[in-house]
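Below you'll find the structure, written out as structure tokens, and then a few comments.
The values are calculated or read from the model by the stated rules, or taken from the named source; none is laboratory data. Just so we're clear, the structure is a prediction, and the values are computed from it rather than from any experiment. As a convention, Cβ positions derive from the backbone with ideal geometry for all residues, glycine included, and neighbour counts pool all protein chains shown. Note: accessible area is taken over every heavy atom of the protein model, side chains too, but ligands, DNA and RNA are not part of it. Shrake-Rupley method; radii C 1.70, N 1.55, O 1.52, S 1.80 Å.
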Amino acid sequence: MLTRRKFIGTAAAAGVAAQLPAFALPAPDASEEVLRYVDPRVATGGHGHCYPGATVPFGAVQLSPDTFNSGWDWCSGYHASDTSIMGFSHTHLSGTGCGDLLDFLVMAGTGPAKLVPGPRNAPETGYRSRYDHKDEIASPGYYSVLLKDYNIRAEFTATDRTGLHRYTFPQSEQAYLILDLAHGYDGGNKPNVLSAELTHPAPDTLAGGRRTQAWGVGRHVYFTLQVSKQPTRIVFYQDEKEVAAPAAGAQLSGDKDANLKAVLYFTTHANEQILVRTGISAVGADGAAKNLASEMPDWNFDRIHQQARARWAAQIGKISVTTANEAHKTTFYSALYHMSLGPTLFDDVDGRYRGMDGQVHSLSAGQRNYTTFSCWDTFRAAHPAYTLIESNARIADFVNTLTRMAEQSPVGMAVWPLHGTETGTMTGYHSASIMAEAISKGFTGIDVDRAYAVMRKRAFDDDYRGLGYFRSMHYIPADKESESVSKAFEYCYNAWAVAHVAQKLGKTADASALMAQSTYYRNFFDASIGFMRPKFADGTWAGSSDGGPTGPFNPIDLGHFREWRDYTESNAWQTTFGIQHDAAGLIALFGGKPQFLAKLDELFTTAPTLPRNAPPDIAGMVGQYAHGNEPSHHIAYLYPYAGAPWKTQVRVRSLMETMYGPILDGMQGNEDVGQMSAWFVLSALGFYAVDPVSGTYVLGSPLFDKATVNLGNGKKLEIDVKRANPADAYVQSFSINGKPQQRAWFHHSDVANGATLGFVMGPNPNTTLGTSEADLPPSATGKAGMA
């Protein structure tokens, strides 16, 4: 099982914490006014792993600069600490903890063409170019930068499946564009490119593709590329040696680290613009050509850019907020932007797509296929947010895609699917959590029977990463399976999720068995020390790497051996509170609410000591709470389950203020395809889904004076907040549609058809709101059972 800790092999870069430099954009019309608060460069420094380039919402093409292609802080190919650019590739990952993609790099230059990018400390030795942040322009659907070494202005925009480049050259007898098929994310000590092919079907056209194995092993990607001006000549290279141009109908090809490149030469006058349009596909170069012909039939850069802006204005405009705090507004809308970058479209205009079996399939009319599901991360907040702002059709497409993946994949349910491959990264099978949430919330157009069939197989039949032990022993032994505690906890939540679908389909025996599975977390609780702790197959408790496998237990350690982790990117402190569906059951293990609250307080106030060999994902420390990684994301919202919602309110307000900001290093932890941003978006609105499948939202501390969430079909969720001082963080009263509430939570059904949530805020806690037993949020073993 691949975790991000195992994948990364290099130290992270120093954070870039400077304020974002100002840049000029075209004056937006009224419908695009919101876009001035979006800066794609947020979280491109520090450990955010975001890219600044051009794309459209959930688009398949991400046309963005690459500053480096190896190391943890370059998972997106870009880091704001760098001072030179290798070139511009067409696919990028948003904020992931593993790297891949960076397909089909194009770079512009003048003078004698170089065939390698060159090192960052000597860019002049390759085709790299120096750049300054002050010369960058980044906005939704557009990116531009000045390549200082060549005095070339590069601009980019995109459609769903195509990217458009515009290069403004100086006068030159040796202007060129280089296409580098060998460039990609460095997968480590193995050849990244398994095979590649390059053809020259027309004087102005190149086409081809490759298979890679940086993270997604055996990933297929293809392109068709056209230039707006016919080159004076094109020189082809294989393994850095010039070769004859492929004849009509023929191709250059190679296997195992295949190194294919082409240099297109031009003679240019001052300020001459040459455009490049590229279609991509996972099916074939013919599919890429169809995508290009359909989505970008001409060279009108400004029109394509304006269409991308309009799409982003519609996407970002799904939520409007009112506040005098400009920094909060920029942080919020930039987070909403990042949350809308994935999952990414993964089909062609003709409905063909490459399945998880490596074969080409066709969709039914009207369907869409997606990829890049960072399930372990995004089931927590990103997908709950999508169920509020995305259309029924998109949510149904997400779920039906995940069903098809499970049916077609040799390894079953999706864990972390990437471009037709299963990376197997992280624990659990949270595609089930995403699917079950949408089904439980009543989204239509989902084939529920097919979805349940693949979920049931994983839950009841598959011997997958300790699931056999989990079902038979009711825990996973630490001496039989790595990361045993975290895996078991994820399986508890997965069982809870699948149980909801079973119940919806009337499969009561299955639902009952799965509900029992969802409580197996109890078998890890050591009441004598108050922590969730690994245990061996013989039933004895495991120690920690400090004291040896059977010696004293240290709750900050990752496992009982330094080489054998018991927790996934977390330790006993964070995992002890890793029960999202049954807070009432967890509270009972501690002996009651006072004991639970004391332990939860201690989590936030104990020393923020990191374990030895801690993965860099464990960041944003507040005590032993780690906001920079997902296992902690729900924990600050657990206080209402113990009758102390005011503690959540002040804590999440602090986290919003300290873990995010409108700067290059604007996120304490990597983005993880929208999850970090979605936590902020939901929290700023004033609530969070601790248990997404149940449909319960727990109140936090709304950041804005007003907010309107467009739920679609003319329905809106209005959030009205009254406070005397912007710093007032405590909820004094809460209402739904004007009706006062004593509870500090609400259900998805309360707002799905439109509603108004009213908050009155104050400087001091209201210690009576949401404190009675009848007003506590529901839990699996609580009074309300399955909410």
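In table form, for the structure just shown:
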| item | result |
| --- | --- |
| Test: residue in region 85-103 that is surrounded by fewer than 24 Cβ atoms within 10 Å (Cβ to Cβ), at pLDDT 95 or above and among the acidic types (Asp, Glu) | no |
| Strands (runs of 3 or more DSSP E) wholly inside region 670-787 that include at least 2 residues being open to solvent by less than 30 Å² (accessible area, probe 1.4 Å) and within 28 Å of residue 621 (Cβ to Cβ) | 687-691, 696-699 |
| Residues being in contact with an Asp or Glu (Cβ under 9 Å, 6 or more places away or on another chain), more than 20 Å from residue 694 (Cβ to Cβ) and part of a loop (DSSP other than H, G, I, E, B) - total across region 430-475 | 3 |
| Among (1) of a type in the set (D, E, K, R); (2) touching a residue at least 12 places away in the same chain (Cβ under 8 Å); (3) surrounded by fewer than 19 Cβ atoms within 10 Å (Cβ to Cβ); (4) out of contact with any Pro (no Cβ under 9 Å at 6 or more places or on another chain) - the single one residue 298 does not satisfy | (2) |
| For residue 348: the one exception among (1) touching a Phe, Trp or Tyr at 6+ places or on another chain (Cβ under 9 Å); (2) open to solvent by less than 10 Å² (accessible area, probe 1.4 Å) | (1) |
| Among residues of region 29-55, those that are farther than 24 Å from residue 669 by Cα and touching a Gly at 6+ places or on another chain (Cβ under 6 Å), counted | 1 |
| Pick from region 239-260, criterion in contact with a Leu (Cβ under 9 Å, 6 or more places away or on another chain) and open to solvent by less than 50 Å² (accessible area, probe 1.4 Å), ranking: farthest from residue 374 (Cα to Cα) | 243 |
| Of all residues in region 537-595 being in contact (Cβ under 8 Å) with a residue 40 or more places away in the chain and hydroxyl-bearing (Ser, Thr, Tyr), the one that is farthest from residue 612 (Cα to Cα) | 576 |
| Inter-residue pairs, beta-carbon under 7 Å, first in contact (Cβ under 8 Å) with a residue 24 or more places away in the chain and in region 163-177, second crowded, with 24+ Cβ neighbours inside 10 Å and of a type in the set (S, T, N, Q), 6+ apart | 163/278; 164/157 |
| Selected residue [closer than 28 Å to residue 49 by Cα, crowded, with 19+ Cβ neighbours inside 10 Å and acidic (Asp, Glu)] from 566, 582 | 566 |
| Condition met for residue 427 (among the polar types (S, T, N, Q), modelled with pLDDT of 95 or more, under 17 Å from the mean Cα position of the chain (by Cα) and not in a helix (DSSP H, G or I)) | yes |
| Extreme residue, surrounded by the fewest Cβ atoms within 10 Å (Cβ to Cβ), among residues of region 376-422 that are basic (Lys, Arg) and closer than 29 Å to residue 680 by Cβ | 394 |
| Where residue 548 falls short, out of the listed (1) modelled with pLDDT under 95; (2) under 21 Å from residue 579 (Cβ atoms) | (2) |
| Residue selected from region 309-343 under the condition in contact with a strand residue (DSSP E or B) (Cβ under 6 Å, 6 or more places away or on another chain) and β-branched (Val, Ile, Thr), by the criterion most open to solvent (accessible area, probe 1.4 Å) | 322 |
| Of residues in region 450-488 being among the small types (Gly, Ala, Ser) and touching a residue at least 60 places away in the same chain (Cβ under 8 Å), the one surrounded by the fewest Cβ atoms within 10 Å (Cβ to Cβ) | 482 |
| Strands (runs of 3 or more DSSP E) contained entirely in region 52-128, each with at least 3 residues that are under 30 Å from residue 343 (Cα atoms) and within 22 Å of the chain's Cα centre (by Cα) | 64-66 |
| Output for region 204-229, where each listed residue is open to solvent by 10 Å² or more (accessible area, probe 1.4 Å), in contact with an Asp or Glu (Cβ under 7 Å, 6 or more places away or on another chain) and part of a strand (DSSP E or B) | 226 |
